[in-house]
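K.L.:
One structure, pasted below without further comment.
The values are calculated or read from the model by the stated rules, or taken from the named source; none is laboratory data. Note that the structure is predicted; figures quoted are calculated from it, not measured. Cβ placement follows ideal geometry from the backbone for every residue including glycine, while neighbour counts extend to all protein chains displayed. Keep in mind that these areas ignore ligands, DNA and RNA; they rest on the heavy atoms of the full protein, side chains included. Shrake-Rupley method; radii C 1.70, N 1.55, O 1.52, S 1.80 Å.
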Amino acid sequence: MLIAGLVLLIFQLAELITRAPEGVAQYVGTFTSPIDLSAWGSSVVGLATVAASTERALRLRYHWLLDGGAG
């Protein structure tokens, strides 16, 4: 859930930044997110991501994918 929430956040931020009226799009072009959720859907994913990250922080357990790092 954490990774899915992070990917969704990155797509939404990229779309928001490239559509900003300050002229960012003239330098980098516009980006349209391939995932188009309604405000309600984005809120549900956001709340689920917050719940998952809170649960992850409170359990304090090691996971090879999340805690492995490049080493």
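K.L.:
So for the pair residue 28, residue 6, with labels modelled 7 Å out along Cα→Cβ, what separation do we get in nm?
P.N.:
1.9
K.L.:
A further question follows. Work out how far the C-alpha atoms of the chain reach from end to end along every principal axis, then list the three figures in whole Å, largest first.
P.N.:
That works out to 45, 36, 19 Å along the principal axes.
K.L.:
Over the chain, with every protein chain in place, what whole percent of the accessible area is carbon and sulfur at 1.4 Å, could you tell me? Write out the running numbers ahead of the final one.
P.N.:
Values: 3840 of 5650 Å².
Accessible surface attributable to carbon and sulfur in the chain totals 68 percent.
K.L.:
Report the relative contact order of the chain, percent, no decimals, based on alpha-carbon pairs under 8 angstrom and at least 6 residues apart.
P.N.:
Relative contact order here is 34 percent.
K.L.:
Could you work out how far helix 2-18 tilts from the main Cα principal axis of the chain, as a 0 to 90 degree angle to the nearest 10?
P.N.:
Roughly 20 degrees between the two axes.
K.L.:
What accessible area per residue comes out for the chain, rounded to a whole number of Å², with a 1.4 Å probe?
P.N.:
80
K.L.:
For helix 39-59, report the angle its Cα long axis makes with the longest principal axis of the Cα atoms of the chain; keep it between 0 and 90° and round to the nearest 10°.
P.N.:
Once rounded, the angle reads 30 degrees.
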